Structures are given as C-alpha cells and as structure tokens.
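Participant: Attaching a single structure in structure tokens format; questions to follow.
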Amino acid sequence: MASFLNVLLQNLISGPATDPFPFGETFTPKRIRGRIVVDPGRCLGCGMCRHVCAAGAIHLQKDSKGWTITIWQDSCCLCRSCVTYCPMNAMSIDPDWHSAHAEEDKFKRIEQHTISYEPCARCGTPMRVMALDKARELYADDADVDPEEIRHLCRSCRQMSDAENSTVCVLRSDINTAQQEGRD
Amino acid sequence: MLDTLLKKTSVRSPWLFRINAGSCNGCDVELATTALIPRYDVERLGCHYTGSPRQADIVLVTGPVTVHMRDYVLRVWNEIPEPKVTVAVGICPISGGVFRDSYSIAGPLSRLVPVDVNVPGCPPRPQAIMEAVVLARSIWLKKLGLEG
C-alpha cells in the first residue's frame, strides 16, 4: 500500500529529469545528422550528389579550370542520399547540430569548395588528381608502382604507364567479390 | 510609467505561438510534443505556448507556406502585436526545402514576412529549437530596447 512512498523517495533523490541545455551541456548522439560536409580531396565533380539531392541543395559549376561544389545547408534535408551515392565517399555527415542562426546569416551557411584541375605529369593535359588512398588501393598488388606518382597522371597516360610496367590495376572490392564467387 | 513597468515585467516571458503553414507535422512534433515536455522544458526561459496570436511575442512557423495557406498565415501573422519575432522552423519555411519551386508553394516564408531567426533541419533537434528560442528572445529584447 505504501509503495508510492518508495517512488516518492526515488523521485526526491534522482533530481530533475530536465536536460540542462541551454544553461548547461547536453548530450549528442554519435550518429546524429547535423550537417553535410564534402572532402575536397576526394570529390571528382561527377555530379551524382546533385542528381540524387532531394532538396536541390547541391550546386555544381564546372569550367575549364575546375569546378565549384556548393551545398546550401539551409536547404539540405539531411536525407543522406549524397553520402550513399557518392562513388568516392567524399560526402559525410558532421554531428554538429547547432543550426539556429539569425536571418542575415541565411546565405552564409554554405559548404563550398573550389577544386581546380592540375596538369598531367606526363602530357600536361588538365586533369583531376586521384585521391592518394584510391591510388594505394588500386596499386596495392604492385610494389614497384609509386601511388604518389601515378595519381598525378591523366587517364590515358596512366593506361600507357600500366601497359609499360605490365601492371594489373584491380579494385580491392573486385578481388573480394571474385574470391567469394570462386568459393561459392 | 505604466509602459516601462509593463516592459520590465513582460521581459521575463515571451509567449510562443505556432503556425503550421502546410508542414508535414515533423517539425510540429518536435515543437509541440518534444520541446514542450519536461525533459527540454521551454518554460524555464519564461516561454509559454499560447493559443491566441494576440497574446504572442514569438511566432514559430513550420511548413513551406502552401498557396492555400498563404492568406491564413498572413492573417494570423498580422494579428500578432508588434514587436514580434518570427522564427522559421525547419528547412521548408527557410528555403522551400524539398518542395522548392513547386506549383503549390507560395514560400519561402521570407518572401512574405520578415523572418528573424532560422533553425534548419528536417526536423531540427529539440535542443536546436531551444537555441533558436533563446536567440529569438534576445532579438525580442533588442526590439523592446531592453537588451540586458
């Protein structure tokens, strides 16, 4: 009958259930979708993110020198489609959820990167430098190929270089799939 | 003298009013259900949800302002006495969000009324809404000339 006293006592001891925010710290879940970020070292400018963006928040402007990728955070609905479909895994979600801002900062909340082409180390054609870890992944089986050098070659020069060195350039994921298929 | 007294006493409690301008209810759930529960307790800031626009100081607008809702939103918004602070909650009233450029959208909200605070998200977290209310409160104090 007096079990309510127990609850009463527990409530007295446990203190308030209110989150101290905004006067104190609050918790942030690890996988919360705060805002979208682009890794300018990996972006290839293929436009897949713009194509799949549900809210049309991504703008991509290309010219002969390179391209500019712009994401307007005030239009991004954080659906994570760009993260899923980016072939280079250049998009990611930052857990920073502090999004409240005054009206004058409305168009300042953008994620913008200008990525420029670099001349190919062999033929001088303007090209996009390959990400270093991608080059490492591709040439993991060939110890005599320097990933740092090969990433600065354009596609046709890289094919020529591969043919000269009789290199077999294979994606790790392809090897894994082939092994699995062989096992089955 | 009565004016000063009223200003000084009402500073502690800006009352909130909520307008749903064609929202999907996601932001409304975050606003009315999540930000109002004791866990986030918006009443610590002196804020209180009111049912009448004539008693409100801070107006929280959700939804992309559909063509059908435009006149109703404007009518209710004009009933709120000055000085008022308009808060756009979620990406829809800020930019149109996923509904931007649709034939049935009259927004974004800043095209119709002056907006003071934006809190993007789809929907924003309750803590982010709390931040926006704090920001709106400071803007409201500035408008009253009582910045403390």
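Participant: When the stretch B:107-148 is examined, which residues are found to be more than 13 Å from the chain's Cα centre (by Cα), more than 29 Å from B:Val67 (Cβ to Cβ) and within 8 Å of another protein chain (Cβ to nearest Cβ)?
Facilitator: B:Arg125, B:Gln127
Participant: Mind checking whether some residue in the stretch A:32-45 is over 23 Å from B:Ile37 (Cβ atoms), assigned by TED's automatic domain parsing to the domain that holds A:His98, without any contact (Cβ under 8 Å) to a residue 24 or more places away in the chain and assigned to a loop (DSSP other than H, G, I, E, B)? Outline the logic, then answer.
Facilitator: Residues of the stretch A:32-45 that are over 23 Å from B:Ile37 (Cβ atoms), as a first pass: A:35-45.
Imposing the further condition that a residue be assigned by TED's automatic domain parsing to the domain that holds A:His98 reduces the set to A:35-45.
This time we only want the ones that are without any contact (Cβ under 8 Å) to a residue 24 or more places away in the chain, so: none.
No, the stretch A:32-45 contains no residue that is over 23 Å from B:Ile37 (Cβ atoms), assigned by TED's automatic domain parsing to the domain that holds A:His98, without any contact (Cβ under 8 Å) to a residue 24 or more places away in the chain and assigned to a loop (DSSP other than H, G, I, E, B).
Participant: Additional query: Any residue in the stretch A:123-147 that is farther than 23 Å from A:Lys65 by Cα and outside the structural domain of A:Met88 (by TED's automatic domain parsing) sitting within a Cβ distance under 9 Å of a residue that is among the aromatic types (Phe, Trp, Tyr) and surrounded by 15 or more Cβ atoms within 10 Å (Cβ to Cβ)? List the pairs, counting only those 6 or more apart or interchain.
Facilitator: Cβ pairs passing all conditions: A:Val145/A:Tyr139; A:Asp146/A:Tyr139; A:Pro147/A:Tyr139.
Participant: Filter the stretch A:61-100 down to residues that are of a type outside the set (A, V, I, L, M, F, W, C) and in a strand (DSSP E or B) and give me whichever is farthest from the other protein chains (Cβ to nearest Cβ).
Facilitator: Here is the first cut: in the stretch A:61-100, the ones of a type outside the set (A, V, I, L, M, F, W, C) are A:61-66, A:68, A:70, A:73-75, A:80-81, A:84-85, A:87, A:89, A:92, A:94-96, A:98-99.
After this cut, where a residue has to be in a strand (DSSP E or B) as well, the list is A:61-62, A:66, A:68, A:70, A:92, A:94.
On the way: A:Gln61: 19, A:Lys62: 22, A:Gly66: 27, A:Thr68: 19, A:Thr70: 13, A:Ser92: 17, A:Asp94: 13 Å.
Only one residue fits best here, namely A:Gly66.
Participant: Filter the stretch B:14-38 down to residues that are modelled with pLDDT of 85 or more and in a loop (DSSP other than H, G, I, E, B) and give me whichever is surrounded by the fewest Cβ atoms within 10 Å (Cβ to Cβ). First the steps, then the outcome.
Facilitator: Residues of the stretch B:14-38 modelled with pLDDT of 85 or more: B:14-31.
Keeping just the survivors that are in a loop (DSSP other than H, G, I, E, B) gives B:14, B:21-25.
Numbers: B:Pro14: 22, B:Ala21: 25, B:Gly22: 22, B:Ser23: 24, B:Cys24: 18, B:Asn25: 13.
Step by step, filter the stretch B:14-38, then rank; the result is B:Asn25.
Participant: Here's something else I'd like to know. Could you figure out which of (1) part of a loop (DSSP other than H, G, I, E, B); (2) within 12 Å of chain A (Cβ to nearest Cβ); (3) more than 15 Å from the chain's Cα centre (by Cα); (4) on the phi < 0 side of the Ramachandran plot isn't true of B:Tyr103?
Facilitator: (2)
Participant: Related question: Looking only at the stretch A:46-72, how many residues end up being without any contact (Cβ under 8 Å) to a residue 60 or more places away in the chain and among the basic types (Lys, Arg)?
Facilitator: Going through the stretch A:46-72 one residue at a time, the tally reaches 2.
Participant: Confirm whether A:Arg35 is within 14 Å of chain B (Cβ to nearest Cβ), touching a Leu at 6+ places or on another chain (Cβ under 8 Å) and charged (D, E, K, R).
Facilitator: Details: within 14 Å of chain B (Cβ to nearest Cβ): yes; touching a Leu at 6+ places or on another chain (Cβ under 8 Å): yes; charged (D, E, K, R): yes.
Yes: the conditions hold for A:Arg35.
Participant: May I pose another question? Can you tell me how many residues within the stretch A:94-108 are surrounded by 17 or more Cβ atoms within 10 Å (Cβ to Cβ), touching a residue at least 40 places away in the same chain (Cβ under 8 Å) and touching a strand residue (DSSP E or B) at 6+ places or on another chain (Cβ under 7 Å)?
Facilitator: 1
Residue-by-condition table, conditions (1) of a type in the set (D, E, K, R); (2) more than 26 Å from A:Asp94 (Cβ to Cβ):
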{"site": "B:Gly107", "(1), (2)": "no, yes"}
{"site": "B:Arg111", "(1), (2)": "yes, yes"}
{"site": "B:Val119", "(1), (2)": "no, no"}
{"site": "B:Val134", "(1), (2)": "no, no"}
{"site": "B:Trp140", "(1), (2)": "no, yes"}
{"site": "B:Gly145", "(1), (2)": "no, yes"}
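The values are calculated or read from the model by the stated rules, or taken from the named source; none is laboratory data. Just so you know, these numbers come straight off a predicted model, no measurement behind them. Counting neighbours? That spans all protein chains shown, and the Cβs are built from the backbone with ideal geometry, glycine included.
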